[in-house]
Structures are given as structure tokens and as C-alpha cells.
Amino acid sequence: MQTSTAKSTLHSAASRRARFVVLALALILVGAAAISLLLGRYPIDPAQAVAMLVSKIVPVDPIWTEQQATLFFNVRLPRILLTLMVGCCLACAGAAYQGTFQNPLVSPDILGASQGAAFGAAVAILLGVSSFTTSLFAFGFSLFTVLLVLLISSRARGNHMMVVVLAGVMVSSLFQAGVSYAKLVADPTDELADITYWLMGSLTGTNMRDIAMVFPIMLIGCATLFALRWRINILTMGDDEAATMGVNARRTRIVVIVAATLVTAASVCVTGMIGWVGLVIPHLCRMLVGTDYRRLIPASMLMGASFLLIVDDVARLATTAEIPIGILTAFVGAPFFLYLITRKKKL
């Protein structure tokens, strides 16, 4: 009886701590977004930023210049919004994949979505189409890659989850070879540089049209993963345990994979290759809120958005020439990955 009471007390304390962490992450996100709106080579003070935002709702006497308004609404605000969305989606997808595949080292590109998007973007750049069409090519090829992986895995025998991962590795290698060939035949004066820069990931040139294109997809995907977070808890217990609790593990796993793939494809198609966010952030959140996906998914969303926003601030302000954000996330992610595989505690 006392043991049961003690366990209940510990569980209640852990739950309160997790809720506090999630609230703290939300406050950090709001603060980081507010500060990011003010940071840049052309300064905008807090009063001007607030006044410009309020002016979109009610008439306000302008205390800003026309140049500041153009910079704020056409450059800085769209970039910050997209950064928050992409960070949220990649971290959420990473957490969902890790729970679904029961593997803590799985990341959002495990099914080849990123390499498929890279190949689609490379083809679009070779064709000389607009940046918006390039994003559409990347999104389409990203989804095609994952569908190909799922089709191959459905026809193979053996452990289904292992087969899916192996098929993802194989198809990713195939499209990576396609990207290499595209770089080989690209015009070195412009096309090769465009492909290389896209592969490094960047949020430069973000506009509201990009946000309008991916926002519905990201919203549907993240809402689905958020709604299914308690079922992901059950998936981590195994298919037999899920069946005893009335959950169709196979159907749930497919829905989770589709939702996570959609948000990953939507993210990569507008930003290029941004790695490590979906691997690193869920692990950091597990250290803070535990392994309960009812807390882990929202915590990952909030921390992923804040993390990528801070990294992007560094990318655009650290040097006179903007650093591709994919390089900075790799600088953070690679050492953390080494820590994960070398620590003594079980993952």
C-alpha cells in the first residue's frame, strides 16, 4: 500500500515537473521570437515593432520609416515565422519517428524524405524554374521517395520495421547518387552553386508565399501527431501490448509515419537540408520531461522551434556573409550524437 502511494506521489511530481517544463519552453519561445524580431543589421526598436504589428489591426500613427516596415513585414517576420514552423515540425517528426520505430537514433530523414527533396530540387534547378516551383519539385519528390520506401517494404519479408529502415537507407542512397549526378552535369557558373547552397539549408529569401504553401500541410501533420501522442506511447510497448489495449498498431503506425513525413517534406522543400534537429531535440526533451509522449511531443515542438530560431539568428548575424543554417545545426548535432552513443546509460 505504501509502495503504491509512493509511486503515485512520484508520478504526480514528475507530471507537475513536466508541465512546468512545457510552460517554461513556451515562455522561452515567445521571448526568443520577440527578441529575434528586433535583431538584424537594420535595427528596429521594441516600440516600433509593437506599433507595426498593432497597425495591422487598428490604425496607428507611424513611428517607423517605410524602409523599416518593408524590412519588418517582407523579410524579418516571414523568416521568423517559417523558422518557428520548420523547427517545430522537424522536432515533432523526429520524436514521432523515434517512438514509432522504437529506435532513439532515428531522425526525420530515415525514410529518405530529405534525399528525395534534394533530388527534386536539383532537377528543378537544372530545369531553370522559379524558386517556388523548385519547392514544389522538392516536396513532390520527397513524398514520392517515402511512398517508394513503403511500397518496397510492403513487398519484403521479415521484421517490418527493420525492412522499412533498410528500404529507406537503400532508396536514400539511390537519390543521393541522383543528386551527385545532377551536380556533375550542372553548369559550374550558377547551377552547381545553387544546388550546393540548397543542400546546405537556408532560410534566406523566405516570403509569405512559402509560408502559405506549407502551413496547411504542417498544421495537419502536427495536429495529427499531437492528437495521437498517447497512442505513440502504446506503440513503444510493442504490437501485442497495443492489441490488448484495443489499438491497431499497424494502422496507427502508418498514420504517424504519413503525418511525420508530410511535415518533414513540407519543411525540407522550403528550407533545404536541415539535419540533426529531429534527432537532437527529442533527446534533450526526454531528459527534461521523460519518455511520456503526451509531454514529449509538445515539449519537442516548442524546443525545436526555439532551437532553430536561435541557430538562425546566429546564422544571419554572426558574420557579414550569412552562414547556411544546416552547417550550424550539424555543429551542434554531431557532438551531441557522439555523446549519445558513448554515454554509459542506456538510450
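Every number here is computed from the coordinates shown, using simple stated rules; none is lab data. Fair warning: this is a prediction, and the values are worked out from it, not measured in the lab. Every residue, glycine as well, gets a Cβ built from its backbone with ideal geometry; the counts of neighbours run over all protein chains shown.
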Using Stokes-Einstein with the Kirkwood hydrodynamic radius over Cα pairs, what translational diffusion coefficient do you get for segment 202-347 at 10 °C and a viscosity of 1.306 mPa s, in µm²/s rounded to a whole number?
94 µm²/s
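What number, in percent, do you get for the relative contact order of segment 235-305 if the mean sequence gap of Cα pairs under 8 Å and at least 6 apart is divided by its residue count?
Working: 25 pairs, mean separation 13.2, N = 71.
That works out to 19 percent.
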Could you give the size of the charge dipole of segment 132-218 about its Cα centre, using +1 on the Cβ of each K and R and -1 on the Cβ of each D and E, expressed in debye and rounded to the nearest 20?
500 debye
Connecting every pair of Cα atoms under 10 Å apart in the chain and solving the GNM, the largest mean-square fluctuation among ARG79, ARG19, ARG251 falls on ARG251
Approximate spin-label separation LEU284-ALA177, in nm, with each point projected 7 Å along Cα-to-Cβ
3.7 nm
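If each DSSP helix of 4+ residues adds -39,500 (n - 2.57) and the sum is divided by the residues in the chain, what number results at 222 nm, nearest 500 deg cm²/dmol? Please list the in-between numbers first.
Values: 15 runs with 266 residues, N = 347.
Calculated at 222 nm, the ellipticity per residue is -26000 deg cm²/dmol.
How long is the gain from ARG157 to VAL169 if the chain were fully straight, where each residue apart is worth 0.36 nm and the alpha carbon distance is subtracted?
Numbers: separation 12, 0.36 × 12 = 4.32 nm, distance 1.66 nm.
Full-extension gain reported as 2.7 nm.
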To the nearest 20 debye, segment 146-277 has a Cα-centred charge dipole, built from +1 on Lys and Arg Cβ and -1 on Asp and Glu Cβ, of 560 debye
Cleavage-rule hits, trypsin sites (Lys or Arg not before Pro), segment 271-347, DSSP coil, Cβ neighbours within 10 Å at most 12
ARG343, LYS344, LYS345, LYS346
Using 0.36 nm per residue, how much length does the chain from SER131 to MET200 gain when fully extended, once their Cα-Cα distance is taken away?
23.3 nm
Across segment 146-245, what fraction of all alpha-carbon pairs, as a whole percent, falls in each successive 5 Å bin from zero upward?
2, 10, 10, 10, 16, 18, 14, 9, 6, 3, 1, 0, 0
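How big is the dipole moment of the chain about its Cα centre under a simple scheme where the beta carbon of each Lys and Arg is +1, that of each Asp and Glu is -1, and everything else is neutral? Debye, nearest 20, please.
Values: 25 positive and 16 negative charges, 324 e Å.
That gives the chain a dipole magnitude of about 1560 debye.
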Segment 92-152, relative contact order [Cα under 8 Å, separation at least 6], %
33 percent
Highest GNM mean-square fluctuation, the chain, Cα pairs closer than 10 Å: which of LEU27, LEU84, LEU136?
LEU27
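Can you work out the FRET efficiency for the pair ASP45 and ASN74, with r the C-beta to C-beta distance and R0 = 22 Å, to the nearest 0.05? Please report the intermediate quantities before stating the final value.
Working: r = 19 Å, r/R0 = 0.86.
After rounding to 0.05, the efficiency reads 0.70.
So what is the relative contact order of the chain, in percent, for Cα pairs below 8 Å that sit 6 or more residues apart? Could the numbers behind the result be given before it?
Numbers: 470 pairs, mean separation 101.3, N = 347.
Relative CO of the chain lands at 29 percent.
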Determine the principal axes of the Cα atoms in segment 101-164, then give the extent along each, sorted from largest to smallest and rounded to whole angstroms.
43, 26, 13
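Select from the chain the helices, each a whole stretch of DSSP H, whose alpha-carbon atoms run 27 Å or more along the helix axis and whose Kyte-Doolittle mean is at least 0.0; answer none if there are none.
Those that pass (Cα extent of 27 Å or more, hydropathy at least 0.0) are 2-38, 77-101, 131-155, 160-185, 208-227, 249-271, 293-317.
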Projected-area mean, segment 32-88, by convex hull of Cα positions, square nanometres
4.1 nm²
Compute the length gained on full extension between LEU105 and LEU38: take 0.36 nm times their separation in residues and subtract their Cα-Cα distance, giving the result in nm to one decimal.
20.5 nm
Among ILE57, TYR42, LEU184, pick out the residue whose Cα is farthest towards the positive end of the charge dipole of the chain, where Lys and Arg carry +1 and Asp and Glu carry -1 on C-beta, about the Cα centre.
ILE57
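Could you tell me the calculated FRET efficiency between ARG294 and THR189, based on Cβ-Cβ distance and R0 = 56 angstrom, to the nearest 0.05?
Details: r = 53 Å, r/R0 = 0.94.
With a Förster radius of 56 Å, E is 0.60.
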Taking a quarter of the surface of the Cα convex hull of segment 11-131, what do you get in nm²?
12.4 nm²
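How much FRET efficiency would the formula 1/(1 + (r/R0)^6) give for PHE336 and VAL54, where r is the Cβ-Cβ distance and R0 is 35 Å, rounded to 0.05? Display every interim value, and only then the final one.
Values: r = 40 Å, r/R0 = 1.15.
So the FRET efficiency works out to roughly 0.30.
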